[in-house]
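Peer 1: This is the structure I have questions about; it appears just below.
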Amino acid sequence: MDRKQMVRLALGFSAVAVAVLAMPSVAFAQEAARAAEHATFLTSQGAAWLGGAIGAGLAIMGGAAGIGRIGGSAVESMARQPAAAGQISTAMIITAAMIEGATLFAVVVGLMAVLK
């Protein structure tokens, strides 16, 4: 199979999947309408929990990516100039501590949103 046939096959399967997923909503439309009158999608407390959890997770991922990048660059720099290893490692530790502090602050703010 060439690429064009693979794309057509994938689009065909996608169309069938969408059709199959849409069928139950048509069959149970009256029940869904009654349930929608009594329920909301997301309460204000649920939005706070969701936002706090997503914010804390993104902060941790960003901090980890930053510290990983700093560590990788520092090791590469030390390999290129072994004489400057002391200065490089000191700068690396200070910068990693600053990123860790900002990450901790962001996680605390996210947890405050969850526990409000």
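Peer 1: Work out, step by step, the length gained on full extension between Ala85 and Ala15: first 0.36 nm times the residue separation, then minus their alpha carbon distance; give nm to one decimal. Don't skip to the end; give the middle numbers.
Peer 2: Numbers: separation 70, 0.36 × 70 = 25.20 nm, distance 5.81 nm.
Fully extending the segment from Ala85 to Ala15 adds 19.4 nm.
Peer 1: Same structure again: Enumerate the calculated ³J(HN,Hα) couplings along the stretch 2-12 in order (Karplus 6.51 cos²θ - 1.76 cosθ + 1.60, θ = phi - 60°), each rounded to whole Hz, writing x wherever the residue is Gly or Pro.
Peer 2: Computed from phi, the couplings for the stretch 2-12 are 8, 5, 4, 5, 5, 5, 4, 5, 5, 5, x Hz.
Peer 1: Let me ask something else. Ordering Val108, Val114, Val75 by how much accessible area each has at a 1.4 Å probe, largest first, what is the list?
Peer 2: So the residues, ranked largest to smallest area, are Val75, Val108, Val114.
The values are calculated or read from the model by the stated rules, or taken from the named source; none is laboratory data. The shown structure was predicted, so the numbers you read here are calculated from the model rather than taken from an experiment. Calculation scope for accessible area: heavy atoms of the full protein, side chains included, ligands and nucleic acids excluded. Shrake-Rupley method; radii C 1.70, N 1.55, O 1.52, S 1.80 Å.
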